[in-house]
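What follows is a single structure, written as structure tokens, with notes after it.
The values are calculated or read from the model by the stated rules, or taken from the named source; none is laboratory data. Keep in mind that this is a model prediction, so the values were computed, not measured. Methodologically, a virtual Cβ is constructed for each residue, glycine included, from the backbone with ideal geometry; neighbour enumeration extends over all protein chains shown. Accessible surface areas use protein heavy atoms only, side chains included; no ligands, DNA or RNA. Shrake-Rupley method; radii C 1.70, N 1.55, O 1.52, S 1.80 Å.
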Amino acid sequence: MTDPVLELIGISKSFGPVQANKDISLRVMPGTIHGIIGENGAGKSTLMSILYGFYRADSGTIRVRGQEVQIADSQAAIAAGIGMVFQHFKLVENFTVLENIVLGAEDSAWLRPSLARARKELRSLSDDYGLSVDPDAVIEEIGVGMQQRVEILKALYRRADILILDEPTGVLTPAEADQLFRILGRLRAEGKTVILITHKLREIMEITDSVSVMRRGEMVASVTTRDTSPEQLAELMVGRKVLLQVGKSPARPGAAVLQVDDLRVTDAKGVQRVKGVSLTVHAGEILGIAGVAGNGQSELLEVLGGMRPATGRVRMDGQDIDLTGHHSDGRTRRARGIGHVPEDRQREGLIMEFFAWENVAFGYHDAPAYNHGPLMDQNALRNDTAAKMARFDVRPNNCWLTARNFSGGNQQKIVVAREIERNPRLLLVGQPTRGVDIGAIEFIHKQLIALRDAGAAILLVSVELDEIMALSDRIAVMFDGQIMGERQPDATTVQELGLLMAGMTGTVPGAAA
Amino acid sequence: MDKMPKWADVVLLPLISLLLAGAISALVLLATGVNPVAALGVMIDGALGSTRGWGYTLYYATNFIFTGLAVSVAFHARLFNIGGEGQALLGAVGVTLACLMIPWPHWTIALLAAVVASALFGAAWALIPAWLQAKRGSHIVITTIMFNFIAGALLNYLLVEVMKPAGIMEPASANFPPAVHLPNFADMLAPFGIPFSPEAPANVAFLLALLAAFLVWVLIWRTRLGYEIRAFGFSETGARYAGISGTRIILISMLISGALAGMMSVNNVMGEAERLVLNSAEGAGFIGIAVALMGRNHPVGVVLAAVLFGFLYQGGAQLSFQLQIPTEMVTIIQALVILFTGALDQMIRAPLERAFLSLRKARA
């Protein structure tokens, strides 16, 4: 048996009273793809930050190729052969690929020889690993998938042979993700070691050789991928059995609730972000909008929620809604029966400094039940909050905690409880389970389906294709501000949706039209 | 999880800041050959040792409560109103007009009129920067600072060209008629048989300031408007999501802020000077910023901080008077307190938080 290329022994790290990593040990074999899976806040990112020199561990040792190393900063990590591809790329937008790769690794004060050397090396790296990129392309003009390759090349150029990727597929289409996995496979074949951090079980099963599961700062299991199953991994992550698929009965769509015709949105820079979208959502159905982040879905939700003006026509129960923003905002939308679970709960859906009971009124704070004249009826609010928190199992059930003191999943439950309990005619839902633990995902999905079954119309926007497939009764795919097509979830495939998400309208052979 | 208990944030932190400011002040005094212990004694005795001292301390404190509340209200909407000084000057014009234009039969009605007039004038002066911020995005810090200068120049013009009575050289308004003179503490306490120095300027406006502090508390923490102001202050995108109009919040909170700053002039113009003079606010608008910072933008904190600054003002005056210390030295001491309690808050906060964390860990 070979020796591990990377070994962590007894790593602990605390942030104040919070222990992010508890006595973590990990062995990664050379030439493998090793997955690290865990819910948000399980300590994955902290562990990797220790490995890359962003944090110092309180205790424990790190061994690379059998040698104990001290990783004080990222330079030390690079010297030890560790490269990192962050979730949010760290590229200079208006530099070329080549300039970005050389940046920080120049040989001398003169740039020209460095660039020439890099160009040669880049060609051989590209050939070796199938990472074709144009060295003279400017970063802001190439796609996200290509930018990620540049990040990988940056690490390889710095002689990394242990490559850490943090949630690499979050911004990719399924097709781009497949390409990435092919590249990772090629790296493995060439003897490099890859550590893949993700919360997506599918990716773990698809590409890794072995997988380590983290839960609440602890390493709860390290297994060979071949010997495990998604169900077992999910159970290890959450600490109890979870349903990966929510059961739902077929939709019984009623009358059209929301009708959108030729909606157009132009942002502050004058760029058109939504280019003539038309859609209809009926009572008792969930229309899912799939798409890679940044293709106009956010703007669509914001317009419907009254957060920004637009042109076109939007009708609610047949009656026109003012889109200019002069006579209609979030408040008037709510009065029309539109609930809104926004994409970003921390910046929009909640005031993080407010108590839970203040947040439960947010957006509905002028409801007569919450007020005595100009004064707010705090007792009524707190009673209402306690009831909603109990029904939605928000933990801890304490309405005197500020939103910041709840975990992501419980924050989202507060938002969802607030919007659903008003019994909206139409519920706008953006990324309902982003940064939410598996247990809460299951709960929120069930609530959304229950609301649908009660006759509400739901417009769901999500970048998680699994979520769209699991919840939607119809799926529309958005690309570049337009709807590329509409599909039935049981009559389409991830591959077909993936092509639509990438802007290709041709049907895939084998997929039902 | 909070990093340290609330009492440490509210009580301990300002106290440590104050002690540090005091320690450095002591060093400065030592360097100039003054015994700091004796100096502190003079300050305490001068500001708190007699009813006259108290009367001055609370008179200054009244000014600072109004201007401190003004800064706090705007700050809850995340607006930094630096224009308290100018708004107070305009409020002074309002008070003067109210007192001179109408022959009031009794001070109580005159007080009511003066409060309304000062609030309206102060609010109007805050309205222009607020409108520019809400509609044009002009930064409120810049515009309110500019408006202080304009207010000063405007007051200058009014006093020299318009309000100055004929035949008088000094740029000041006519004296207010005796009917509008506000009762001072000596007058107010006499019916209860409590003797109070009649020369001290503290007057009925102090009670008005306490009432204002209470009403600000109700506004910010009990009303729907206060809820919206705080929501907007914490997160503009959040407010947009909830359908809270940013324009409306900016305008309303600045109007209230300007009104509070303007009302300060009821104390110093109507209650003390009993006429309008140049630069009547004497920097109290700026002290309000330090008071609001130290008071954590809470009315109770603002009142306490205002009394502290009243003490520093009165004690400082006694210091320069009795120990022959140059007034600049007194200004240095006041500046050190502002520096430590306001600006350097974070410097002390970080180590204090760490101390509490290690304490908690040791206990666990």
Over chain A: helical MRE at 222 nm, DSSP H runs n ≥ 4 each giving -39500 (n - 2.57), nearest 500
-9000 deg cm²/dmol
Hull volume per residue for the stretch B:97-227, using the convex hull of the C-alpha atoms, in Å³ is 174 Å³
Might you tell me the accessible area per residue for the stretch A:242-398, computed with a 1.4 Å probe and given in Å²?
43 Å²
Protection proxy ranking, peptides A:396-407, A:437-448, B:91-102, average beta carbon neighbours within 10 Å, highest first
B:91-102, A:437-448, A:396-407
On a C-alpha basis, how far is the centre of the stretch A:41-55 from the centre of the stretch B:272-298 in Å? Whole number, if you could?
50 Å
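Packing-wise, with mean Cβ within 10 Å as the measure, how do A:86-94, B:279-287 rank, highest first? Don't jump to the answer; show the numbers that get you there.
Working: A:86-94: 13.2, B:279-287: 21.8.
Listed from highest to lowest mean packing, they are B:279-287, A:86-94.
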Using 1/(1 + (r/R0)^6) with R0 = 56 angstrom and r between the beta carbons of A:GLU121 and B:LYS135, what's the FRET efficiency to the nearest 0.05?
0.50
Kirkwood hydrodynamic radius, computed over distinct alpha-carbon pairs, for chain A: how many Å, to one decimal?
24.9 Å
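So what is the relative contact order of the stretch A:256-501, in percent, for Cα pairs below 8 Å that sit 6 or more residues apart?
29 percent
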log₁₀ of I(q)/I(0) at q = 0.19 Å⁻¹ - the stretch A:4-117, Debye sum with one point per alpha carbon
-1.06
Accessible-area loss of at least 40 Å² (1.4 Å probe, chain alone to full protein assembly) applies in the stretch A:356-370 to A:GLU358, A:PHE362, A:HIS365
Which whole-number percent is the relative contact order of the stretch A:95-218 (Cα, under 8 Å, 6+ apart)?
24 percent
In whole percent, how big is the carbon plus sulfur part of the accessible area of chain A, probe 1.4 Å, protein atoms only?
49 percent
Carbon and sulfur atoms account, in whole percent of the 1.4 Å probe accessible area of the stretch B:58-311, for 71 percent
Of A:50-57, A:119-126, ordering from highest average Cβ density within 10 Å down gives A:50-57, A:119-126
Averaged over its residues, how many other protein chain Cβ atoms are within 10 Å of peptide A:321-329's Cβ atoms?
1
Among the listed pairs A:LYS269/B:LYS135; A:LYS269/A:LYS446; A:LYS200/A:LYS248; A:LYS44/A:LYS413; A:LYS22/A:LYS200, those beyond 28 Å (Cα-Cα):
A:LYS269/A:LYS446
Classify the stretch A:143-257 as rounded, prolate or oblate, taking a ≥ b ≥ c as the square roots of the eigenvalues of its Cα gyration tensor: rounded when a/c is under 1.5, otherwise prolate if a/b is larger than b/c and oblate if not.
oblate
Restrict the search to the stretch A:224-278; then list the trypsin sites (Lys or Arg not before Pro) that DSSP places in a loop and that have at most 10 other Cβ atoms within 10 Å of their Cβ.
A:ARG240, A:LYS241, A:LYS269
In terms of the charge dipole of the stretch A:298-365, which places +1 on Lys and Arg and -1 on Asp and Glu at the beta carbon, the residue among A:PRO342, A:ILE321, A:LEU301 farthest towards the positive end is A:ILE321
Specify whether the C-alpha gyration tensor of the stretch A:6-238 places it in the rounded, prolate or oblate class, a ≥ b ≥ c being the square roots of the eigenvalues: rounded for a/c under 1.5, otherwise prolate if a/b is larger than b/c and oblate if not.
prolate
Between chains B and A, what is the buried accessible area in Å², counting both sides, with a 1.4 Å probe and ligands, DNA and RNA left out, to the nearest 100?
2400 Å²
In terms of Cα to Cα distance under 16 Å, which aspartates and glutamates are near enough to B:LYS6, apart from those fewer than 8 places away along the same chain?
A:GLU353, B:ASP345, B:GLU353
Before I look further, what does the stretch B:58-311 give for accessible area per residue, probe 1.4 Å, in whole square angstrom?
38 Å²
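What average count of beta carbons from other chains do you get within 10 Å of the Cβ of residues in A:347-354?
6
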Which residues qualify? For B:GLY243, with a placed amide H closer than 5 Å and at least 5 residues away or on another chain, they are A:GLY330, A:ARG331
Taking the square root of 5λ for each eigenvalue of the C-alpha gyration tensor of the stretch A:256-501, the equivalent ellipsoid has semi-axes, largest first and in whole angstrom, of 29, 21, 16
The rounded separation in angstrom of the Cα centers of the stretch A:73-104 and the stretch A:122-156 is 12 Å
Could you give the accessible area per residue of the stretch A:6-238, probe 1.4 Å, as a whole number in Å²?
45 Å²
Need the list of aspartates and glutamates near A:LYS13 for cross-linking: C-alpha distance under 15 angstrom, and skip anything on the same chain fewer than eight residues off.
A:ASP23, A:ASP58, A:GLU218
Given Cα pairs under 8 Å that are at least 6 residues apart, what percent is the relative contact order of chain B?
35 percent
One point scatterer per Cα, no solvent, Debye formula: log10 I(q)/I(0) for the protein assembly as shown at q = 0.08 Å⁻¹ comes out as -0.91
Let me cross-check A:THR193: its accessible surface, 1.4 Å probe, with only protein heavy atoms counted, in Å² to the nearest 10?
0 Å²
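What is the average number of partner chain Cβ atoms found within 10 Å of a Cβ in B:229-239?
Partner-chain Cβ atoms within 10 Å, mean over residues of B:229-239: 5.
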Taking the full set of protein chains and a 1.4 angstrom probe, give the accessible area of B:TRP131 in square angstrom, rounded to the nearest 10.
120 Å²
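If each residue of separation counts as 0.36 nm, what is the full-extension length gain between A:PHE15 and A:SER108 once their alpha-carbon separation is subtracted?
Working: separation 93, 0.36 × 93 = 33.48 nm, distance 3.92 nm.
Going from the current span to full extension adds 29.6 nm.
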Could you tell me which of rounded, prolate or oblate describes chain B, using a ≥ b ≥ c as the square roots of the eigenvalues of the alpha-carbon gyration tensor, with rounded for a/c under 1.5 and, failing that, prolate when a/b is larger than b/c and oblate otherwise?
oblate
Per-residue SASA entry for B:TYR313, accessible area with 1.4 Å probe, Å² rounded to 10:
60 Å²
